[in-house]
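The values are calculated or read from the model by the stated rules, or taken from the named source; none is laboratory data. Note that this is a predicted model, so its numbers are computed, not measured. Cβ coordinates were reconstructed from backbone atoms using ideal geometry, including for glycine residues, and neighbour counts include every protein chain displayed. Only protein heavy atoms, including side chains, enter the accessible area calculation; ligands, DNA and RNA are left aside. Shrake-Rupley method; radii C 1.70, N 1.55, O 1.52, S 1.80 Å.
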Amino acid sequence: KQKTYQKLLVSPTSLRKKIIFLINREIENAKNGGKGEIIAKMNSLVDPEIIQLLYLASQTGVKINLIIRGICCLYPQKNDLSENITVTSIIGHFLEHSRIFWFYNNNNSEVFIGSADWMRRNLDRRIEAVTPIEDLKLKSQLYNLLQIYIDDNYFSWEMNKEGIYKKKREDSNAK
């Protein structure tokens, strides 16, 4: 079995460790007075270790936008826990299954795409792969796509601090 890769993140060998590293780096950037920001689009977020780390990131000032199509066990917008976290669910005509992970990294963003949700089974028991996007144009396009998801007010539902999804209000100024 191959256990090391040059760039590819593969579970169960390296993916969890790298995700934890990337979140921790955003925490350190925020602690040091810089900007910390994470945008993650996936189908499910249920891994307790990742959720606790995202709570810690929020508490240190990291801005986190989660676009979760299905199950999300994290509670956003809770005082002194997850005030800097938003969770949006988008269910449109095509039931998007893409996974995109964007980390600000002191304005030197790192972006990844792949097959893994942040779930124990995906991180610890299945073979999943996530690859970095290195081309600046592609990184920019993925960031813009994530912003479209975040700004969407037609197919979007926002999770409140009780874990209940409410339809986003349509902005009368939207075109």
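Taking (1) within 19 Å of Leu9 (Cα to Cα); (2) open to solvent by less than 80 Å² (accessible area, probe 1.4 Å) in turn, Arg120 satisfies each apart from (2). For region 61-175, the strands (runs of 3 or more DSSP E) that sit wholly inside it and include 2 or more residues that are without any contact (Cβ under 8 Å) to a residue 40 or more places away in the chain and within 17 Å of the chain's Cα centre (by Cα) are 63-68, 110-114.
Can you pull out the residues in region 42-61 that are among the small types (Gly, Ala, Ser) and open to solvent by 40 Å² or more (accessible area, probe 1.4 Å)? Result: Gly61, single match. Within region 2-11, is even one residue modelled with pLDDT under 95, touching a helix residue (DSSP H, G or I) at 6+ places or on another chain (Cβ under 7 Å), open to solvent by less than 20 Å² (accessible area, probe 1.4 Å) and within 22 Å of Leu136 (Cα to Cα)? Yes, because at least one residue in region 2-11 is modelled with pLDDT under 95, touching a helix residue (DSSP H, G or I) at 6+ places or on another chain (Cβ under 7 Å), open to solvent by less than 20 Å² (accessible area, probe 1.4 Å) and within 22 Å of Leu136 (Cα to Cα). If the Cβ limit is 9 Å and pairs must be 6+ apart or interchain, which residue in region 12-25 that is farther than 20 Å from Arg121 by Cβ pairs with which residue that is of a type in the set (A, V, I, L, M, F, W, C)? The qualifying pairs are Leu22/Ile38; Leu22/Phe101; Leu22/Phe103; Leu22/Phe112; Asn24/Leu53; Asn24/Leu56; Asn24/Ala57; Arg25/Phe103. When the test is whether a residue is acidic (Asp, Glu), open to solvent by 10 Å² or more (accessible area, probe 1.4 Å) and closer than 18 Å to Asp117 by Cα, Glu28 does not pass it. Among the residues of region 11-58, not one is over 14 Å from the mean Cα position of the chain (by Cα), within 29 Å of Ile91 (Cβ to Cβ) and in a loop (DSSP other than H, G, I, E, B). Could you check, for region 71-92, whether at least one of its residues is aliphatic (A, V, I, L, M), surrounded by 20 or more Cβ atoms within 10 Å (Cβ to Cβ), touching a Gly at 6+ places or on another chain (Cβ under 6 Å) and at pLDDT 95 or above? No, there is no match, as no residue in region 71-92 is aliphatic (A, V, I, L, M), surrounded by 20 or more Cβ atoms within 10 Å (Cβ to Cβ), touching a Gly at 6+ places or on another chain (Cβ under 6 Å) and at pLDDT 95 or above.
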